[in-house]
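Have a look at the structure below before the remarks.
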Amino acid sequence: MKLSRRDALKLGGTFAAAMAVGGTAEAAEATPKATAADSQAPLPTPKGPRVVVVGGGWSGLSMAKYTKLFAPTAEVVLVEQRDVFISCPVSNMWLVDKVDLEFITHDYYQAAQHHGYSYFHAAATGVDKANNTLHTTRGDIAYDYLVLAPGIDYDYSFWTDDPAVENRLRQEYPAAFRPGSEHMTLKRKIHNFKGGTFLLTVPGGNYRCLPAPYERACLIADYFKHNGIKGKVLLLDENNDITIKAHGFHTAFEELYKEYIVYEPNAVIEAIDLDKKQVKTEFDTFAFDDASFYPHVRGGRLLEVCGVAKDTVYNRLEGDIDPMTYEVRGHPNIYVTGDARPTGFSKSGNTSLSEGQNVAKMLAAKINKQAPLKWMSPVTLCISAVSAFPEHGIFIHSEYAYNPKHKQFEFATPVTDEHWKGKEGLENAQNIYGWAKACYIDMFGAAKS
Ligand SMILES: Cc1cc2nc3c(=O)[nH]c(=O)nc-3n(C[C@H](O)[C@H](O)[C@H](O)COP(=O)(O)OP(=O)(O)OC[C@H]3O[C@@H](n4cnc5c(N)ncnc54)[C@H](O)[C@@H]3O)c2cc1C
């Protein structure tokens, strides 16, 4: 069945609504180490099977909520190293002041209380798989089932093997593709920019949120335009074309930002000179005044520490799982979900949220001693803004199917609307906020207006 644009938007809304039966300080992110803590975590003795979910992002929040919902006898513990949730989706709008920080910030206690699980504020540092024990910075936690949803880490090895350069890139030009301080640095850069070239990069591989770098380029360009800043966004794309919603973004670049965006495809970076503020590709050298470098992504470091990571066709060190069950190979009581999965799904919040519901159903069937459930497709629904003053948007909605010929999962039922002009485009952009609110209600039990 082919879905219309309106059906797809409705579906997205119903999907999120159906799931809704739910300071800016970022806690120091301890580098995970495979050392055992010398104490037990201060948690009550579980009355039922204990499910420990590591990572309170879009995936872990969904896994924790839906596991408790579908297997009420389970004691679910969410282990998260941050004490505040900041949403990456809608953060590009926050960069240009279209929403305030309050809108994208949520607290873990509310989520846990609303959905009947425990939030344990700690970093996971390793796992003893033989004894079903997770090590954390606040003690060991015994588990019956373990879900690892640590998201992504950055992989700078395509650009440099010099730790000093990598450190400068992280510190001075953060990618802002993981939530928190990086985004704040980027916002400060945009708001303090006096003019010249503002460099952004798009990595190859299956990077987090395919449209987000193009959306960000549009919104920063629109901010410059709106505020009379004589600046240009230089977008160096390692790919040979815009990777998703290409028509919508190309027409926006052409028609809205001719003077403000320079788009360079096939721009594989060969060298970065941070002192001279220059980037070298095979054919050109580009100068910049300020920048945010988005490197390749890899699976969250925790997977490697726990010995459950492998290189995939898409990226390095993602979860070594059976893609149909999400179970770690050789350890069927450990799961890897969200952006750390090895499958080629779009690394998006909506994908993680809907996937979490599916995987929680499979896990609950195991806990409830029911027949195993078959793989269900996650849903990618991604609405991007191409302008902020006023807002216009484009979107894609799709499920996935396995293509045995190509031996990979592919978009099965894509519906896109890349017409950002006029009423349709305005309506698409407004749906960004409605979609986000529905997702926040789903994860936290409440949204902010
Ligand atoms: C700018 C931007 C815009 C985006 N826009 C959209 C959009 O419009 N729509 C959309 O659907 N998606 C969007 N996304 C993508 C979306 O944010 C991600 O796909 C989503 O966050 C993935 O969820 P996750 O749970 O796998 O990872 P995350 O959300 O990153 O969560 C991982 C969590 O694990 C925690 N963690 C990691 N290691 C440990 C450890 N050792 N111990 C304890 N905790 C740990 C981290 O602190 C983090 O909270 C966007 C992303 C960006 C960056």
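The values are calculated or read from the model by the stated rules, or taken from the named source; none is laboratory data. All values derive from a computational prediction rather than experimental measurement. No Cβ is skipped: glycine too gets one built from the backbone with ideal geometry, and neighbour counts run over all protein chains shown. Just the protein is used for accessible areas: all its heavy atoms, side chains included, with ligands, DNA and RNA removed. Shrake-Rupley method; radii C 1.70, N 1.55, O 1.52, S 1.80 Å.
Tell me, what is the FRET efficiency for Lys374 and Ala130 to the nearest 0.05, using R0 = 30 angstrom and their Cβ-Cβ distance as r?
Calculated value: 0.50.
Based on the alpha-carbon set only, what is the convex hull volume of the range 154-299 divided per residue, in Å³?
With only Cα atoms used, the range 154-299 gives 107 Å³ per residue.
Calculate how many DSSP beta bridges within the chain are antiparallel, expressed in % of all such bridges and rounded to the nearest 5. Present the calculation step by step, with values, prior to reporting the outcome.
Working: 41 of 74 bridges.
DSSP beta bridges in the chain are roughly 55 percent antiparallel.
For Thr251 and Phe389, what does the FRET efficiency come to when R0 = 22 Å and r is the distance between their Cβ atoms, rounded to the nearest 0.05?
0.80
Output the direction-averaged projected area (hull surface divided by four) of the convex hull of the alpha-carbon atoms of the chain, in nm².
21.2
From the phi of every residue in the range 254-269, what ³J(HN,Hα) in whole Hz does the Karplus formula 6.51 cos²θ - 1.76 cosθ + 1.60 yield, where θ is phi - 60° and glycine or proline is x?
Calculated HN-Hα couplings, in order: 5, 8, 9, 10, 3, 8, 10, 10, 10, 9, 10, x, 6, 8, 7, 6 Hz.
Which residues does the label zone of Glu102 cover in the range 178-200, counting backbone N under 12 Å from a point 7 Å along Cα→Cβ?
So the set is empty, nothing qualifies.
Between Val147, Leu373, Leu236, whose Cα lies farthest towards the positive end of the dipole of the chain when Lys and Arg beta carbons carry +1 and Asp and Glu beta carbons carry -1, centred on the Cα centre?
Of Val147, Leu373, Leu236, it is Leu373.
How much accessible area per residue does the chain have, counting only protein heavy atoms and a probe of 1.4 Å, in square angstrom?
41
In the structure shown, do any of Lys187/Lys230; Lys189/Lys245; Lys230/Lys280 have a Cα-Cα gap over 21 Å, and if so which? Don't jump to the answer; show the numbers that get you there.
Working: Lys187/Lys230 17 Å; Lys189/Lys245 27 Å; Lys230/Lys280 24 Å.
Over 21 Å Cα-Cα: Lys189/Lys245; Lys230/Lys280.
Search the structure for amide H atoms under 5 Å from the amide H of Thr136, placed 1.01 Å from N in the peptide plane, and list their residues when 5 or more places away or on another chain.
For Thr136, whose amide H was placed from the backbone, the distant partners under 5 Å are Ala37, Thr125, Ile141.
Report in % the part of the accessible area of the chain that belongs to carbon and sulfur, leaving out ligands and nucleic acids; probe 1.4 Å.
Values: 9350 of 18220 Å².
Ligands and nucleic acids excluded, carbon and sulfur give 51 percent.
Using only alpha carbon pairs under 8 Å that are at least six residues apart, calculate the relative contact order of the range 154-299 and give it in whole percent.
It rounds to 34 percent for the range 154-299.
Given 0.36 nm per residue, what is the gain on full extension from Met324 to Gln408 after removing their alpha carbon distance, in nm?
Numbers: separation 84, 0.36 × 84 = 30.24 nm, distance 1.15 nm.
Gain in length upon complete extension: 29.1 nm.
Give, to the nearest whole percent, the P(r) tail of the range 284-422 beyond 25 angstrom, counting all Cα pairs.
The answer is 41 percent, as a whole percent.
Order Phe158, Phe288, most accessible first, counting only protein heavy atoms with a 1.4 angstrom probe.
Most to least solvent-accessible, the answer reads Phe158, Phe288.
What does the helix-only formula give at 222 nm for the chain: each DSSP H stretch with n ≥ 4 adding -39500 (n - 2.57), the total divided by the residues, and the result rounded to the nearest 500 deg cm²/dmol? Let's see the in-between values first.
Values: 12 runs with 140 residues, N = 449.
The per-residue figure over the chain is -9500 deg cm²/dmol.
Counting only pairs 8 or more places apart or on different chains, how many lysine pairs in the range 291-449 have C-alpha atoms closer than 13 Å?
Pairs that pass both the separation and distance tests number 4.
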